[in-house]
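What follows is a short report on a single structure.
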Amino acid sequence: MTATLAPVFAALADDTRWAILAELGRADLSASALATVVPVTRQAIAKHLTVLAEAGLVEPVRVGREVRYRALGSRLNQTARALERIGAEWDRRLSTIASIAESLPDD
């Protein structure tokens, strides 16, 4: 599981990629269109889109002669479910520790 999540977290760790993904959550956009709303060059946008695509977070969609990018909710949902499982396991562990601590005699 960690091997499949590592590229997602690496991709999301960059503020620019996070901003790109947020914009693509609102609408499918080309690299040129993204460059008008995210303060980096079109070439930088293209590099960031490659990282996001390799992590499975976006996909290119051809619309006529233009290539637009679309956010992939399924990958984000899969990541959220994995984090939920990790959180539930920690909750279980903390509950066990609390139970043990509460059962100890007061000194």
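The values are calculated or read from the model by the stated rules, or taken from the named source; none is laboratory data. Computed from a prediction, not measured in an experiment: that's the story for all the values here. Cβ sites come from the backbone with ideal geometry, for glycine too, and all protein chains shown count toward neighbours.
Among the numbered conditions (1) out of contact with any strand residue (DSSP E or B) (no Cβ under 8 Å at 6 or more places or on another chain); (2) closer than 30 Å to His48 by Cβ; (3) surrounded by 10 or more Cβ atoms within 10 Å (Cβ to Cβ), the only one that Thr96 does not meet is (2).
When Asn77 is tested against the conditions (1) on the phi > 0 side of the Ramachandran plot; (2) at pLDDT below 85; (3) not aliphatic (A, V, I, L, M), the lone failure is (1). Would you confirm, using the coordinates I've provided, whether Ala10 is of a type outside the set (S, T, N, Q), surrounded by 14 or more Cβ atoms within 10 Å (Cβ to Cβ) and assigned to a helix (DSSP H, G or I)? Here the answer is no, as Ala10 does not meet what is asked. Filtered by the rule that a residue be surrounded by 14 or more Cβ atoms within 10 Å (Cβ to Cβ) and out of contact with any helix residue (DSSP H, G or I) (no Cβ under 6 Å at 6 or more places or on another chain), the range 68-81 gives Arg68, Arg70, Leu72, Arg75, Leu76, Gln78. Residue count for the range 1-31 satisfying the condition of being touching a residue at least 12 places away in the same chain (Cβ under 8 Å) and of a type in the set (Ser, Thr, Tyr): 2.
Taking the conditions (1) under 19 Å from the mean Cα position of the chain (by Cα); (2) free of Cβ contacts under 8 Å to residues at least 60 places away in the same chain; (3) assigned to a helix (DSSP H, G or I) in turn, Ala82 satisfies each one other than (2). Only residues that are loosely packed, with under 14 Cβ neighbours inside 10 Å and touching a residue at least 12 places away in the same chain (Cβ under 8 Å) were counted in the range 47-62, giving 2. Per the conditions (1) among the aliphatic types (A, V, I, L, M); (2) closer than 19 Å to Arg81 by Cα; (3) touching a strand residue (DSSP E or B) at 6+ places or on another chain (Cβ under 7 Å), the sole criterion not satisfied by Ala55 is (3).
For the range 13-27, a residue qualifies if it is surrounded by fewer than 16 Cβ atoms within 10 Å (Cβ to Cβ) and either outside any helix (DSSP H, G or I) or basic (Lys, Arg) (or both), and the qualifying residues are Ala13, Asp14, Arg26, Ala27.
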